[in-house]
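**Q** Just passing along the structure, written as structure tokens.
FYI, it's all coordinate maths here, none of it is from the lab. No experiment lies behind these values; they were computed from the predicted model shown. Cβ placement follows ideal geometry from the backbone for every residue including glycine, while neighbour counts extend to all protein chains displayed.
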Amino acid sequence: MKNYFNKLAITSMLTVLGTISTMQANEKALNTNITVVNQEQMVVGEYNGYTEAEGYKFTLKDGKTIHFKSVSEEILKTLDLKSDSLKGKSFEVTYKTSKKNGKEVKEIVKLK
């Protein structure tokens, strides 16, 4: 009877370890080179301009700064966000966040 419980305990431990290893391998595979797109989000902020290093920068009402690396082509056709003329103007910014190769990337999809 003692051997039966020893075999059962060892079999159970090996099954649990195998399951955990498989879950970790699947998680690593999912996090590699996969883009996850979130729903649109909206913030209101004052436009602070554009720099190559930081992208398009806005300051929110609570004082926090948010950076966007990308802007939709439709917006860029109507607004020159790289000029200084829009600095200090308040905008309602709608954006999407995606995760590419482990890095979060925010893209502006609407500006009002």
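**Q** Which ³J(HN,Hα) values in Hz, rounded to whole numbers, follow from the phi angles of the range 79-86 under the Karplus curve 6.51 cos²θ - 1.76 cosθ + 1.60, where θ = phi - 60° and Gly and Pro get x?
**A** The phi angles translate into 10, 9, 6, 8, 8, 7, 5, 9 Hz.
**Q** Give me the distance in nm between label points sitting 7 Å out from Cα along the Cα-to-Cβ direction at LYS103 and ASP62, one decimal.
**A** A separation of 2.6 nm, rounded to one decimal place.
**Q** Residue-wise, which Karplus ³J(HN,Hα) couplings in Hz belong to the range 51-59, taking 6.51 cos²θ - 1.76 cosθ + 1.60, θ = phi - 60°, and x for glycine or proline?
**A** 9, 4, 6, 9, x, 8, 10, 10, 9
**Q** Points 7 angstrom from Cα along the Cβ direction at GLU92 and GLN41: gap in nanometres?
**A** 1.8 nm
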